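Beneath this line is the structure, given in structure tokens, with notes to follow.
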Amino acid sequence: MTTTLSPANAERLKQAFEQCRDMEGTLREQLEAYAAAGREIFPAYGEAVDRLVVRLNENGGGENAPRPGEAMPPFLLPDETGRLVSLKSLTENGPAAVMFYRGHWCPYCRLNVRAVIQAQDRIKALGAQTVAIMPETQAYAEKFKSEADAPFPVLTDLDNGYALSLNLAIWLDAEIQRLLSYQDMASFQGNDGWVLPIPATFVVGRDGLVKARFVDPDFRKRMEIDDLITALKSASEERWQR
């Protein structure tokens, strides 16, 4: 079984991504379709990810991240323009969806952010804010934002400092590093540590407490958009009941 991604298969993955991106269906269906295509085109990577997910689950990966009812630790991180953004500023007038992404290079993250962008009218109608956090330098945060045409800030968590404080940061083992060697991760992240956040979504209320979360060591799975909207709606209504 090949352990490198050939140019031909890289093109096949690109085409599969575009087909999944444009297909009708839920985010989950798009993610599952892309994962299935990935297993067919680059099976070694899919199998390595399966083994990684098993290890992370055995070690409680992401379990100790803030749970509903707990305080979301504050942050002050630079956006794609270098402007500092705080959690407090995002929850000043309503709830916020705080989303962790692996990077601009991750097709699952690109599918995820596209679905969130398509839901922005529904999110804004609830008086809610959205923010993306990723461990890439400002240049790649800007690339991610511009390519997605995201109407919300994309923050740089360099060296995964904030993700580490939430128990979300994981080290990618040598097998995964070898299979992902076609990605210039050192340039993307400004270091060669091979540490990524577990993709996660937290709904944080005006009181700074977590109202809902989705944390799964399997980066091929993300919070469904309807679940995100439901959590934001509940947090928004709680605001008026206070």
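The values are calculated or read from the model by the stated rules, or taken from the named source; none is laboratory data. Fair warning: this is a prediction, and the values are worked out from it, not measured in the lab. Using ideal geometry, Cβ is built from the backbone for each residue, glycine included, and neighbour counts are taken over all protein chains shown. Calculation scope for accessible area: heavy atoms of the full protein, side chains included, ligands and nucleic acids excluded. Shrake-Rupley method; radii C 1.70, N 1.55, O 1.52, S 1.80 Å.
Quick notes on this one:
- Other-chain or far-sequence residues with amide H under 5 Å of A212's (modelled H): V203
- Exposure rank, largest accessible area first [R12, R206; 1.4 Å]: R206, R12
- Rounded, prolate or oblate (a/c below 1.5 giving rounded, otherwise prolate when a/b exceeds b/c) for the stretch 85-225 by Cα gyration tensor: prolate
- Tail fraction, Cα-Cα pairs, the chain, threshold 23 Å, whole percent: 48
- For the stretch 26-164, the share of accessible area belonging to carbon and sulfur comes to 50 percent (1.4 Å probe, ligands and nucleic acids excluded).
- Here the stretch 26-79 is treated as a Stokes sphere of Kirkwood radius computed over C-alpha pairs; at 4 °C and 1.567 mPa s its diffusion coefficient rounds to 91 µm²/s.
- Charge dipole (Cα centre; +1 on Lys/Arg Cβ, -1 on Asp/Glu Cβ; no other charges) of the chain amounts to roughly 440 debye.
- Dipole magnitude for the stretch 111-242: about 540 debye, using +1 per Lys or Arg Cβ and -1 per Asp or Glu Cβ, origin at the Cα centre.
- Across K88/K221; K143/K211; K14/K145, pairs whose alpha-carbon gap is larger than 24 Å: K88/K221; K143/K211
- Label zone of D192 (point 7 Å out along Cα→Cβ, amide N under 19 Å): in the stretch 129-173 this covers 136-137, 159-160, 171-173.
- q = 0.15, 0.19, 0.30 Å⁻¹: log10 I(q)/I(0) that the Debye formula gives for the stretch 134-199, counting C-alpha atoms only: -0.49, -0.77, -1.27
- Straightening the chain between N9 and K124 buys 37.5 nm, computed as 0.36 nm per residue apart minus the Cα-Cα spacing.
- Convex hull of the stretch 3-127 built on C-alpha atoms - directionally averaged projected area, nm²: 10.4
- Farthest toward positive dipole pole in the chain [+1 Lys/Arg, -1 Asp/Glu at C-beta], among L5, T201, N57: T201
- Whole-Å semi-axes of the ellipsoid equivalent to the stretch 151-242 (Cα gyration tensor, √5λ, descending): 32, 14, 12
- Residue list for the stretch 174-203, given a label point 7 angstrom along the Cα-to-Cβ vector of D159 and an amide N cut-off under 15 Å: 189-196
- Accessible surface computed residue by residue for the stretch 96-242, with neighbouring protein chains in place and a 1.4 Å probe, gives 40 Å² per residue.
- Within the chain, the cysteines lacking any other cysteine Cβ closer than 4.7 Å to their own Cβ are C20.
- In a reduced charge model with +1 at each Lys and Arg Cβ and -1 at each Asp and Glu Cβ, the stretch 127-198 shows a dipole moment near 120 debye about its Cα centre.
- At a probe radius of 1.4 angstrom, the accessible area of the stretch 1-68 per residue rounds to 58 square angstrom.
- Scanning residues 5 or more positions from Q129 or on other chains, those with amide H under 5 Å from its amide H are A96, A97, with H placed 1.01 Å from N in the peptide plane.
- Accessible surface of the stretch 185-242 [probe 1.4 Å, protein heavy atoms]: carbon and sulfur percent: 46
- Positive-pole candidate from H104, T230, V154, dipole of the chain, charges at beta carbon: T230
- Gain on full stretching of the segment that runs from L84 to A71 - 0.36 nm per residue minus C-alpha separation: 2.6 nm
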